[in-house]
Amino acid sequence: MPSILETTVLSYGANGDGLVLIDDKPAYIPQAVPGDRLKLRVGDDRHIDVLDILTPSPNRVEPVCTLFGTCGGCSMQTISLPALLEWKTGLVQHALDRAGFRNLPHIEATQVPPLSRRRIDLAFQRLPGRVVLGLHRRHGDVVDMTECHVIDPALFALLDPLRDVLSSLGAVTGGGDLQINLYTSGPDILISTDATLAPTDRVKLAAFGRVHKIPRISWRSKRRPNEGYEIVAQQGPVFHAFGAVKLTPPPGGFLQASAQSETAIADAVLAALPALNRKDPIVELFAGFGTLTVPLAQKGRVLAYEGHFEAIAALRSGAVGQRIETTHRDLTRQPLIAKELAKARVVVLDPPHAGALIQMDHIARSNVEDIVYISCNPQALQKDSALLQKAGYEVLSISVIDQFLWSTEVEAVVAFTKSRKRLSRRQT
């Protein structure tokens, strides 16, 4: 027999669902906010229906998007943005607590505005008479993105024309993927389809690029993504500027989600550096195509390592005349060992979502005094930084950047040091 009960949402789960306890066992309620008092119907199979919100949390707000709850892009639009930033800040603090650090410094927190995301990864699906383009609903099909309060309006304006051109392509037989980066030079598009582009498809994409002023459109096989990409149409130069330095990223290259977050992350990294002279070596690991490398080169001599060949090649070709040395190296399979790190005045690393546990072990066993770690995953941050804690490092500064609004994702810049002089000046 189903039972009716009242309960209060305690916190959030990993997917942004509200956590409640039913018979002392955790259960998760989509769109629930910590502090909500709920009336629930619980079935024999523990299926839960929300019958009523008896007392809403003071942090509960109305979702801003009519697609919320259907589109899989945003999971947390029922909580106010200030409360969401506070929760994400708590995730980073909790990760460092669990790693064993005590007396943590004050956390600086920044949140980007809506309508600022300049990097999007979408899916498309051919249906009778049309193509839908958007994000997958949870464990489901593609939801047409007819509204979005996250992405830059310049990118959103391309979605309708993209639906039209995709629906005209013979290579779009079923589903596919689409990546758009808004570089300084303009939108850069990478399309993945099941079937190979026909010559007529290439003509249509070239015409689309001319009409909509898209500098470059590239393609790769959805079935064989490891075979790389090919440039289908190019109308002009492709570049992203870091100050006076212009780099040409490869198709589908990594770009921070917004211009505001790119600036906030770079500023936090630079502020976390020890005092350097212009010849001091900064070892940068997982450098990408130079999002942080170029700003770091204003402070010292950067030795940049990256496993993606096209990314490091883009950095190498664009960094001529800068204090930047580049090395192509897979740091997962061939991490820098402690002896190689001996030349570093400071190590800066921005690892992938899974973290850099093997590389971090070598860093922890090195004699490097200062480390700046950029994290996009609190769980990986906890595991990686625990090695530093055991090696005697302490946390010098923490910056949290919420660049993925209304999601569970959070970015952080954490500085670790063994310098007693620097630690004596930190703000606790």
note = Ranking His139, His240 from most to least accessible area with a 1.4 Å probe gives His139, His240
query = Give or take rounding to whole Å, what are the principal axis extents of the alpha carbon atoms in the chain, in descending order?
reply = 65, 61, 33
key: Overall form of segment 155-258 per C-alpha gyration tensor (a/c, 1.5; a/b vs b/c)   = prolate
message = Rounded to the nearest 10 Å², what accessible area does Leu182 have for a 1.4 Å probe in the complete protein model?
response = 40 Å²
request  = Would you mind computing, in nm to one decimal, how far apart the modelled labels at Ala207 and Ser419 are, each placed 7 Å from Cα along Cα→Cβ?
outcome  = 6.1 nm
inquiry  = Taking loop as defined by DSSP and a crowding limit of 14 other beta carbons within 10 Å, which trypsin sites (Lys or Arg not before Pro) in segment 276-324 fit?
reply    = Arg278, Lys279
task = Grab the DSSP H runs of the chain that are 4 residues or longer, score each as -39,500 (n - 2.57), total them, divide by all residues and round the 222 nm result to the nearest 500 deg cm²/dmol.
result = -7000 deg cm²/dmol
ask   = So for segment 313-428, what percent of the C-alpha to C-alpha distances run longer than 19 Å?
value = 52 percent
key: Computed over segment 1-115, Cα set: Rg, Dmax in Å   = 16.1, 51
request  = May I ask you to compute the full-extension gain from His139 to Thr55, defined as 0.36 nm times their residue separation minus their alpha-carbon distance, rounded to one decimal in nm?
outcome  = 27.2 nm
key: the chain: DSSP helices with Cα axial extent of at least 15 Å and average Kyte-Doolittle hydropathy no lower than -0.5   = 81-98, 199-212, 259-272
Quotient of Cα Rg and 2.2 N^0.38 Å for segment 1-58, N being how many residues it contains = 1.01
message = Give the average over all directions of the projected area of the C-alpha convex hull of segment 215-323, one decimal, in nm².
response = 7.7 nm²
Hits among aspartates and glutamates - C-alpha to C-alpha of Lys383 under 13 Å, sequence gap 8 or more where chains match = Asp97, Asp361
inquiry  = Using 0.36 nm times the number of residues separating Thr146 and His353, minus their current alpha carbon distance, what extension gain do you get?
reply    = 71.6 nm
task = Please tell me which of these pairs span more than 22 angstrom C-alpha to C-alpha: Lys279/Lys343; Lys25/Lys390; Lys213/Lys246; Lys246/Lys299?
result = Lys25/Lys390
message = Per residue, how much accessible surface does segment 244-297 expose to a 1.4 Å probe? Answer in Å², no decimals.
response = 32 Å²
ask   = With charges only on Cβ, +1 for K and R and -1 for D and E, what is the dipole size of the chain about its Cα centre, in debye, rounded to 20?
value = 1500 debye
task = Could you tell me what percent of the accessible area of the chain is made up of carbon and sulfur, with a 1.4 Å probe and every protein chain present?
result = 51 percent
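The values are calculated or read from the model by the stated rules, or taken from the named source; none is laboratory data. Just so you know, these numbers come straight off a predicted model, no measurement behind them. For neighbour counting, all protein chains shown are included, and Cβ atoms are generated from backbone atoms with ideal geometry for every residue, glycine included. We work out accessible area using only protein heavy atoms, side chains counted, and drop any ligands, DNA or RNA first. Shrake-Rupley method; radii C 1.70, N 1.55, O 1.52, S 1.80 Å.
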